[in-house]
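A.B. asks: Handing you this structure, nothing more for now.
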Amino acid sequence: MSAPSAASAPETETRTPVLKADDLVAGYLPGVNILNGCTLEAYPGELVGIIGPNGAGKSTLLKALFGLVTVRSGSVTLQGADITNNRANQLVQAGIGFVPQTNNVFPSLTIEENMQMGMFLRPKAFAARVAEIWELFPVLGERRKQRAGSLSGGERQSVAMARALMMSPQVLLLDEPSAGLSPVRQDETFIRTREINKTGVTIIMVEQNARRCLQICDRGYVLDQGRNAYEGTGRELAKDPKVVELYLGTLASEVDSAHDA
């Protein structure tokens, strides 16, 4: 079930993907695959959204990219170099950041100490880098001595994003960044995600909030049963009759209105 896609827009055709997953097969248990030939490309500076029904393999895809789920076949490349099944610490060093959906901060540590944990591979560069992070997240800078466990869900999400950015990643993987947040905090998180992307960081974001994801992403992938079902720009996916029928319903008109705004 695939549809013609304009995902390879003219401006991406002559560029090399910064991160590419090719025909991934992966799973948590022997003989049980969650991904069944999934493919993804992210170009420099893009914000790529991944949507789909529960159990489609969206979060598993991110974990496979970050070495947390074993890839049984297929490949993952970063700037053309094979990083398939590399360990997470190697991937952080190579330029990939990952923000999981849950347990994404050290609650007993202060905000500043969380930033130090994000920089454990380059401690000598901490002072210079954290100053840049405080500019991007000024509220966190003002409250740097506060323990992360005392923060709201939205504030903890900001801490998690900021910590992942400490190593100046080329690519940032976000797993359900709006999950469990109030509508206001969700909006703040999506705005923050776009602001981070505008600094030049390529972002691959898994989201259950398909409407908001398609509003802000440059391109999107719809996964279903561990396979690519559709791909295209946010506008294209929102207008695709099959995507609307199967995944978006009445949300499509809201997505299109947001793009026109």
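A.B. asks: Quick check: is even one residue across the stretch 68-81 modelled with pLDDT of 95 or more, buried (at least 20 other Cβ atoms within 10 Å of the Cβ) and within 28 Å of Leu248 (Cβ to Cβ)?
C.D. replies: Within the stretch 68-81 (the criterion being modelled with pLDDT of 95 or more, buried (at least 20 other Cβ atoms within 10 Å of the Cβ) and within 28 Å of Leu248 (Cβ to Cβ)), the answer is yes, since at least one residue qualifies.
A.B. asks: Going by the conditions given, is Glu231 assigned to a strand (DSSP E or B), of a type outside the set (A, V, I, L, M) and within 23 Å of Val18 (Cα to Cα)? Even if it seems obvious, please write down each step before you answer.
C.D. replies: Values: assigned to a strand (DSSP E or B): yes; of a type outside the set (A, V, I, L, M): yes; within 23 Å of Val18 (Cα to Cα): yes.
Taking the combined requirement at face value, the residue satisfies it.
A.B. asks: Could you count how many residues in the stretch 74-115 are under 30 Å from Gln186 (Cα atoms), free of Cβ contacts under 8 Å to residues at least 40 places away in the same chain and assigned to a strand (DSSP E or B)?
C.D. replies: 1
A.B. asks: A follow-up question, please. Tell me, which residue of the stretch 195-229 that is closer than 22 Å to Leu35 by Cβ and among the β-branched types (Val, Ile, Thr) is surrounded by the fewest Cβ atoms within 10 Å (Cβ to Cβ)?
C.D. replies: Here the residue is Thr202.
A.B. asks: Let me ask another. If I filter the stretch 54-76 for residues that are more than 26 Å from Met117 (Cβ to Cβ) and in contact with a Pro (Cβ under 9 Å, 6 or more places away or on another chain), do I get at least one hit?
C.D. replies: No, that holds for no residue.
A.B. asks: Taking Val159 and the conditions (1) in a helix (DSSP H, G or I); (2) farther than 28 Å from Arg212 by Cα; (3) of a type in the set (A, V, I, L, M), which numbered condition does it fall short on, given that it satisfies the others?
C.D. replies: (2)
A.B. asks: Quick one: what pairs do we get from the stretch 135-162, first residue closer than 13 Å to Glu195 by Cβ, second of a type in the set (D, E, K, R) and crowded, with 17+ Cβ neighbours inside 10 Å, C-beta under 7 Å, 6+ apart or different chains?
C.D. replies: Ser158/Arg192; Met161/Arg192
A.B. asks: Further question: Any idea which of Lys145, Lys124 is outside any loop (DSSP other than H, G, I, E, B), over 18 Å from Lys63 (Cβ atoms) and out of contact with any helix residue (DSSP H, G or I) (no Cβ under 6 Å at 6 or more places or on another chain)?
C.D. replies: Details: Lys145 fails: outside any loop (DSSP other than H, G, I, E, B).
One residue alone meets the criteria, Lys124.
A.B. asks: Check off (1) more than 22 Å from the chain's Cα centre (by Cα); (2) surrounded by 13 or more Cβ atoms within 10 Å (Cβ to Cβ) for Ala128 and give me the number that stays unchecked.
C.D. replies: Of everything listed in (1) more than 22 Å from the chain's Cα centre (by Cα); (2) surrounded by 13 or more Cβ atoms within 10 Å (Cβ to Cβ), Ala128 misses just condition (2).
A.B. asks: If you don't mind, another one. Output yes when any residue across the stretch 186-194 is surrounded by fewer than 16 Cβ atoms within 10 Å (Cβ to Cβ), within 15 Å of the chain's Cα centre (by Cα) and within 30 Å of Ala210 (Cβ to Cβ), and no when none is.
C.D. replies: Within the stretch 186-194, one or more residues are surrounded by fewer than 16 Cβ atoms within 10 Å (Cβ to Cβ), within 15 Å of the chain's Cα centre (by Cα) and within 30 Å of Ala210 (Cβ to Cβ).
A.B. asks: Looking only at the stretch 154-185, which residues are in contact with a Phe, Trp or Tyr (Cβ under 6 Å, 6 or more places away or on another chain) and either surrounded by fewer than 22 Cβ atoms within 10 Å (Cβ to Cβ) or within 27 Å of Leu246 (Cβ to Cβ) (or both)?
C.D. replies: Leu173
The values are calculated or read from the model by the stated rules, or taken from the named source; none is laboratory data. What you see is a predicted model, and the numbers here were worked out from it, not measured in a lab. FYI the Cβ positions are ideal-geometry reconstructions off the backbone, even for glycines, and counts take in every protein chain you see.
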